[in-house]
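Before any comments, here is the structure.
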Amino acid sequence: MTSNKNGVCLLVGTKKGGFVFTSDSKRKEWKVTGPHLKGNEIYHMALDRRNGAILASTTSGHWGPTVARSEDMGKTWRESRTPPRFPKGSGLSVARVWQIRPASEDEPGVVYAGVEPACLFKSKDGGKSWEVNVSMMKQKTRKKWTAGGGGLCLHTIIQNPRRPNRMHVAISAVGTMRTDDGGNSWKFQNKNVLANFNPIKYPEYGQCVHKLATNPSKPDVIFHQNHCGVYRSDDAGENWTDIRNNLPSRFGFPIAVDANEPGRAYVAPMEGDFSRIPPGGHFAIWGTDNAGKEWFKLDSGLPSFSYYTVLRDGMVTDAEDPCGLYFGTTTGQLYASRDQGNHWQNISDGLPPVLSVSVSSV
């Protein structure tokens with residue numbers, strides 16, 4: 001994989017608006033615009049490379065949640081004319097949109113959204129209007145689903161680039177689900193995943209998955225940061241292997257996979273559920289280059305004394321070579337690495353609390 005000649009775009013969602021950071025392919029100097037959609041909570045942003053539009057999940061304290069679209073890199077925005085909403089009589093109401101995921105090149109107008117309470121929505125017109133996934137809304141176990149600390153949220157959507165009808169979603173605190181027929185049916189995929197807060201330690205569903213990540217070149221290999229551990233599946237989620245090994249903790253929120261090395265992944269360990277601070281008061285990213293058999297600390301350039309917290313969508317990798325790695329904190333720091341996490345640069349130190357970071361070549 002070679003570096004993109006044009007550059008890299010970071011989309012940063014915060015509690016008080018969205019920010020757009022851009023750089024050339026060297027990724028040394030960054031320009032920033034924003035806050036966009038000022039005053040709103042931006043849980044996720046995505047650049048649709050099929051048409052250059054930015055899509056943002058925005059929640060207003062007055063008007064509630066919707067999806068906004070910009071076709072000029074954030075200068076102007078238009079909200080969905082029909083935002084994600086459950087049908088009347090369902091007894092469900094959208095609290096926020098957690099994830100936005102443009103579909104494959106073969107589906108030019110299709111965008112997916114994950115919402116709270118957990119469900120999948122689909123747009124066929126680039127985010128202007130939305131329809132609910134009925135199969136998930138009416139899933140037979142739904143009444144037994146319970147919320148994690150952040151809510152009953154569908155926060156991860158992964159579409160298989162080789163099999164577009166196959167999709168994985170992650171729900172806190174329900175677990176991982178997969179469809180092989182474009183969302184007409186779903187099955188749980190939580191085998192061997194611990195739920196130590198549950199009377200049944202390995203239930204069919206009820207696990208608190210925090211994030212899933214994969215490399216498009218090996219879409220059946222999925223890395224998984226859970227409330228209760230770090231896992232890997234080599235068979236598209238059918239089975240999970242515990243890969244915590246020498247990590248300092250089982251607990252954390254984000255997980256990301258290197259763009260060029262499918263066996264190289266990154267996590268951000270926290271002490272644990274009731275002490276969500278970095279081990280020893282020193283925040284560090286940990287990486288593996290052998291699919292989780294062994295982990296190593298990546299903290300060159302990070303403060304020696306730091307109690308940063310990075311949320312589930314707060315860390316991401318770019319598609320450059322060498323792979324870039326980025327994370328944003330709940331205290332407003334934004335860090336970047338141009339060399340797979342070996343060295344870190346603080347590119348912003350005064351943002352509102354960061355909810356998400358996404359990246360795209362431009």
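Residue separation times 0.36 nm, minus the C-alpha to C-alpha distance between Asp72 and Asn192: what's the value? Mind showing how you got there, number by number?
Working: separation 120, 0.36 × 120 = 43.20 nm, distance 4.57 nm.
Result for the pair: 38.6 nm of gain on full extension.
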Aspartates and glutamates whose Cα lies under 17 Å from that of Lys138, excluding same-chain neighbours fewer than 8 positions away: Glu116, Asp181
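Could you work out the relative contact order of the range 230-269, using alpha carbon pairs under 8 angstrom and six or more residues apart, expressed as a whole percent?
Details: 46 pairs, mean separation 12.0, N = 40.
This gives 30 percent for the range 230-269.
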Under 5 Å, built H, 5+ apart or other chain: amide partners of Gly127: Val111
Inter-centroid distance (Cα atoms) of the range 253-285 relative to the range 1-76, Å: 24
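Per-residue ellipticity at 222 nm for the chain, helices alone: DSSP H runs ≥ 4 residues times -39500 (n - 2.57), over residue total, nearest 500 deg cm²/dmol? If you can, show how the numbers build up before the last one.
Values: 1 runs with 4 residues, N = 362.
Roughly 0 deg cm²/dmol at 222 nm, from the helical runs in the chain.
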For Ser306, distant residues with modelled amide H under 5 Å away: His282, Phe283
Estimated vicinal HN-Hα couplings, Hz - the range 350-356 in sequence order (Karplus 6.51, -1.76, 1.60; Gly, Pro = x): x, 6, x, x, 7, 9, 7
For Thr331, residues with placed amide H under 5 Å, excluding near neighbours: Thr309, Val354
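Can you flag which of Lys187/Lys211; Lys31/Lys75; Lys201/Lys297 are past 20 Å Cα-Cα? Walk me through the numbers before you get to the answer.
On the way: Lys187/Lys211 18 Å; Lys31/Lys75 15 Å; Lys201/Lys297 30 Å.
Beyond 20 Å between Cα atoms: Lys201/Lys297.
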Among 350-361, 240-251, the order from most to least packed when residues are scored by Cβ within 10 Å on average: 350-361, 240-251
Estimated dipole of the range 243-362 in Debye, rounded to 20 [Cβ of Lys and Arg +1, of Asp and Glu -1, Cα centre]: 360
³J(HN,Hα) computed for each position of the range 88-103 - Karplus, 6.51 cos²θ - 1.76 cosθ + 1.60, integer Hz, glycine/proline x: 4, x, 7, x, 10, 9, 5, 8, 6, 9, 8, 8, 10, 9, x, 7
Length-normalised contact order of the chain in % [C-alpha pairs under 8 Å, at least 6 apart]: 13
Calculated from backbone phi, Karplus (6.51, -1.76, 1.60) coupling profile of the range 223-238 in Hz, x at Gly/Pro: 9, 9, 9, 10, 4, 10, x, 10, 9, 9, 10, 9, 9, 6, x, 5
GNM flexibility winner over the chain from Phe21, Phe197, Phe188 (Cα, springs under 10 Å): Phe197
The range 243-362 shape via C-alpha gyration tensor axes, a/c threshold 1.5: oblate
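Rule-based calculations on the coordinates, nothing more; no lab input. Source: prediction; values computed, not measured. Cβ sites come from the backbone with ideal geometry, for glycine too, and all protein chains shown count toward neighbours.
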